[in-house]
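Just so it is clear, none of the values below were taken in a lab; they were calculated from the coordinates. Source: prediction; values computed, not measured. Note that we place each Cβ from the backbone using ideal geometry, even for glycine, and neighbour counts take in every protein chain shown.
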Amino acid sequence: MIRRLTRSVTTYSHHHLASHTAPREVPTPLVFLSTNALDRSSAKSLHELASSLTRQGFSSLELDLSLSSPTQTLRTSEEVLQNAASELREAITTSPSPFPPVLVARGLASLVAQTYISSYPASALLLIDPPASPKTYPLSSSEARKFLPTKVKDFDFEPRFPVALIATPDSDSSSTSLTEHRLVSAGADVFLAKREEDVMSLLENWLDELGV
C-alpha cells in the first residue's frame, strides 16, 4: 500500500507500507534508490521489488534523486554526490522506523548509495549492476556528464554491515567483473541473475539469510 507521494525539485518518492495481510511486520525499512537523470536504467524493477516485498511485511521508500546540476557551490562530481546523499538522508529520516535501512541501488545510483554509506548508517547494502570502479565507468550520455562533470574517486569506506552485489543480463556487468569491485574484498556477496525476474528471488533469499 502506498502511503503518500511527494515531489520536490530534486526528488520523487513513494512510501510503501507493509501489507496488513503480511504474516509479520519487519521493523527494518528498505530504501530503493534510483537516479533517472543520471542513469535511466537505475529505476528498472525497483517499483516491482518494493511493491512485492510489502506482502512479506516490509515497509519501504522508493526514491528517485534527479541530482543537482553543478553550480558555484557544487563544482565537482563528489560535491554533487555529497549533496544527493544529504537529500537521501533527509528522506530516510521521514521513516517512522528507528532502525537504519537496507539500501538498494541500481546502476549509477550506486554512486549515491556508496556516498551515503560513507557518512550515514545502514543495516545492509545491495547494489545491482554497479560500476566495478567509479573511475572506470564511462558516462555514456551528455546528460550524465552534465551532472557529474569530474572523475569520481574510488570509495574508501569500510562496511560494517552485510553487502551484496547483483549482476543482471541487461547490464555491462558480469559476475566476473563484479569480483573486481572493492567491496568483494571487504566480504560482499556476489550474485548473477540469469533473468531480470531472478533479482527478486535473490533479494528475498539474501534478506532471509540476514534475518531481516
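Quick notes on this one:
- Multiplying the residue separation of Ser133 and Asp156 by 0.36 nm and removing their Cα-Cα distance gives an extension gain of 7.1 nm.
- Extension gain for the segment Glu196 to Arg75, taken as residue separation times 0.36 nm less the Cα-Cα distance, is 39.9 nm to one decimal.
- Residue exposure sequence - Leu111, Leu210 - by fewest surrounding Cβ within 10 Å: Leu210, Leu111
- Between Glu48 and Thr21, the distance separating the two model label sites (each 7 Å from Cα on the Cα→Cβ line) works out to 2.0 nm.
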